[in-house]
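First the structure, in the form of structure tokens, and then the observations on it.
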Amino acid sequence: MQNKLFVLLVNYNSSDDCIQSIGQIISIYNPNIYIVLVDNCSTDNSVNIITEWLKKNVESYIIIDDKSLFQSNNTITCRFTFILSSTNNGFAAGNNLFLKKFDLYDSWIWMLNPDSIPTKDTISYLNNNIDKFSKNDIIGGVIIDYYDHNNVIAYGGASINFYTATIIFCKKKDRFNKIDYIHGGCLIFHSNTLDSIGYMREDLFLYWEETDWCLRAKAQNVTLRLDENIIIYDKVGGSIGRGYLAEYYYSRNGLNIINKYKKKLLFIALLFQFLRALLKLIKLKPSSSLGILNGVKDFLYNNEIKN
């Protein structure tokens, strides 16, 4: 019997992107693929837009809020589950809302960004080959720029520059063995992995969650693997953009990762954040510069996130 594949997306104010991605997935029917969409308390009309789309395009679905979720049984019987979170506690929390609740025994999970569109060949490939994957692997695919198909954003994931608290996407497939983590926008793993590693950290809220999770996985001898048959087109930062919030969480959480895994390099990484902020200011991006500086400040003084 073929294992289930749960395609898991977290939406925040990105209904049009979600619908495009989901529409692509359901266009290739397979009874073992289940789609789970978590709305992370969107502030726009996402819930209504997606609900109306479901009524017209999906035969079997369920819409459930997070309070009812924890009072219901833990079996998914519909092809599509739409979970409505009453709070936005970040990317990891949105994913964990599903992962912590449901019985995922002997199942595969495909974490997919809402602004990422998988190819139809990718969906067919996973339909036919998911049971051949090693349950000790975390698998990434080829991530291509949605707007420029000649631009490969990453082969599978990225490596960490521990001196600067920044990441470097893997641009050449022959360098995949150098990466530190699989990109969370296209990440496949077996439910057994959760038993040995646990869930992604919710205290990071946004950015670096999958980085920490993969570093923990590698410490438990889980293998990171690239599968070039898995191809997605990524619109790159559709829900949050590249401004203050992105820079804030990128800086704050990057420093947290350095502090946890390479503490002796923390001082150098801190100095580099000030350089990044200065460069943003020179480029007339004061909001981004302020995001970096406030991220550094909150890491140093508030430091509410845990190691």
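A short reminder: the numbers here are calculations on the coordinates, not readings from a lab. From a predicted model like this one, the values you see are computed outputs, not experimental measurements. Neighbour counts are summed over all protein chains in view; Cβ atoms, including those assigned to glycine, are modelled from backbone coordinates with ideal geometry.
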### Task
Could you calculate, for the stretch 199-307, the ratio of the Cα radius of gyration to the Kirkwood radius, expressed as Rg to Rh?
1.01
#### Entry: Cα-based equivalent ellipsoid, the stretch 216-279: semi-axes from gyration tensor eigenvalues, Å
26, 22, 9
### Mean Kyte hydropathy of -1.0 or more with a Cα span along the axis of at least 18 Å, helices from DSSP in the chain
244-261, 266-282
### Message
Rg and Dmax in Å for the stretch 162-238, alpha carbons only: what are they?
### Response
13.1, 34
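What is the Å³ per residue value for the convex hull set by the Cα atoms of the chain? Mind dumping the intermediate values first?
On the way: hull volume 42.1 nm³, N = 307.
It comes to 137 Å³ per residue, whole-number rounded.
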### Task
Quote the charge dipole size of the stretch 224-277 about the Cα centre in Debye, to the nearest 20; the model charges only the Cβ of Lys and Arg (+1) and of Asp and Glu (-1).
380 debye
#### Entry: Per residue convex hull volume, Cα atoms of the stretch 11-56, in Å³
67 Å³
### Query
Looking at the P(r) of the stretch 104-240, how many percent of alpha-carbon pairs lie beyond 26 Å?
18 percent
### Query
Of Asn13, Asn57, Asn253, which is the most mobile in a GNM of the chain whose springs link Cα atoms less than 10 angstrom apart?
Asn57
#### Entry: Where a label projected 7 Å from the Cα of Tyr105 along Cα→Cβ would reach, residues of the stretch 13-35 with amide N under 16 Å
none
### Query
Under unit Cβ charges (Lys, Arg +1; Asp, Glu -1), what dipole magnitude, rounded to 20 debye, does the stretch 139-196 have relative to its Cα centre?
220 debye
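Percent antiparallel among DSSP beta bridges with both residues in the chain, to the nearest 5? Before the final figure, lay out each step's value.
Details: 20 of 49 bridges.
If we restrict to bridges inside the chain, about 40 percent are antiparallel.
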